[in-house]
1. Go ahead and run the numbers for FRET between A:ASN143 and A:ILE115, Cβ-Cβ distance against an R0 of 22 Å, rounding to 0.05.
2. Counting protein heavy atoms only and a 1.4 angstrom probe, how many square angstrom of accessible surface do chains A and B bury in total, to the nearest 100?
3. Which order do the peptides B:109-121, A:127-139 come out in when sorted by mean C-beta neighbours inside 10 angstrom, highest first?
4. Would you work out the charge dipole size for the protein assembly as shown about its Cα centre, treating the Cβ of every Lys and Arg as +1 and the Cβ of every Asp and Glu as -1, and quote it to the nearest 20 debye?
5. Going by Cα centres, the range A:141-170 and the range B:61-90 are how many Å apart?
6. Considering the Cα positions of chain A, please state its Rg to one decimal place and its Dmax as a whole number of Å.
7. Output the pairs from A:LYS136/B:LYS74; A:LYS44/B:LYS102; A:LYS134/B:LYS55; A:LYS44/B:LYS45 with a Cα-Cα distance over 25 Å in this structure; if there are none, say none.
8. Provide Rg over Rh for the protein assembly as shown; use the alpha carbon set for both Rg and the Kirkwood Rh (inverse mean inverse pair distance).
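The values are calculated or read from the model by the stated rules, or taken from the named source; none is laboratory data. Just so we're clear, the structure is a prediction, and the values are computed from it rather than from any experiment. Because the Cβ atoms are built from the backbone with ideal geometry, glycine has one as well, and the counts that use them run over all protein chains shown. The area values use the complete protein model at the heavy-atom level, side chains included, leaving out ligands, DNA and RNA. Shrake-Rupley method; radii C 1.70, N 1.55, O 1.52, S 1.80 Å.
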Amino acid sequence: METLAEVQEGLEGEKKVIDEEVAAVILAIIIVAMVFAYTQLLLKDRVIEPFSAIGLLGPEMKIGDYPRTVRVNETIDLYMFIDNHEGRIMYYVVKAKLGDKNTLINSSKPADAPILTTYETILAHGQNRTLPVKLKIPREMTNARLIFELWALYENRTLSYTGRWVHLWLNVTSRI
Amino acid sequence: MKKVIYYYITLIFLIFIATSDTILSQETVKERVFETYKLVAEAEKEGADVTQISKRLDTALQLIIKWQKEGDEKLITQAVNMLDEIKEMLPSLIEEGKARMKMRMFTLVAFPLTSALIGLITYIYGPKLVWRLWLKYRKDWKVKRR
């Protein structure tokens, strides 16, 4: 019978229970997992690409079923969706404007058109809100363009156009 | 005739006061919302979680907008109370935020340090420990000679 010391000696001669290559692979996996976990921890509350969003929904709170023709002073029922992913609390102001086919609007320039009404909401990062919209157009128009511009009111009292807008083409008639 | 003129002047004056007072109140209330929003934004910068408080702030804003349209004084009282509550809640939220940020910083530093320390200890003492335990649990084994 072998003594304990002899067993230990014999075993130490065969220490490579796990192959070196296998050990290296396991070690690499552990290191990669740790680095991944650490980066997740670092980037947890960081917003990589801040943005605000605005969307126009139909009377059923869905994308679609938008009115195409309305009567003068008829209430237009719509919903507006606003989403904040700016990484901070935002005070949004939506300006509803009435333009036509000649009204110019893009992401840097708001429309030069009369304001019908404004809507305001305050949203924290990651929050969204669906606002009911009830509007009336007081005169007959062909190719009327109902524009909703998203503006942001900052702490220094600056009201800035976010460059986001939506619009709806309408024909406003006195007849049914 | 003079009496009638005085009467009209007084009436116009009263109407003017009443109207200007309403306009002033609306502006003041809107200003209070904006000031509260500024405080909340500042608190957020200091690490406060403003998710719930922003919902209350938005509710207060919507109540004020409704009050401007309908003129129901109950709405404005409710909104002003909400704004006061939000202001009262802010200091504790900032404290919580600061504590959370400290904890996060601690985790960010402690995580790699702990990992490195565990790796070093494992590298130095790991093999010895493994073999010691291996032998401990097999000390009664009998090895057959080949």
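1. On the way: r = 19 Å, r/R0 = 0.88.
FRET efficiency, A:ASN143 to A:ILE115: 0.70.
2. Numbers: alone 12250 and 12520 Å², together 21860 Å².
The contact between B and A buries close to 2900 Å².
3. Numbers: B:109-121: 12.0, A:127-139: 14.8.
Top to bottom by mean Cβ count within 10 Å: A:127-139, B:109-121.
4. Details: 45 positive and 40 negative charges, 76 e Å.
With Lys and Arg at +1 and Asp and Glu at -1, about 360 debye.
5. Using only Cα atoms to place each centre, the spacing works out to 26 Å.
6. Computed over the Cα atoms of chain A, radius of gyration and Dmax are 30.8, 111 Å.
7. Values: A:LYS136/B:LYS74 28 Å; A:LYS44/B:LYS102 15 Å; A:LYS134/B:LYS55 23 Å; A:LYS44/B:LYS45 16 Å.
In this structure, A:LYS136/B:LYS74 exceed 25 Å between Cα atoms.
8. Numbers: Rg = 34.1 Å, Rh = 26.2 Å.
A ratio of 1.30.
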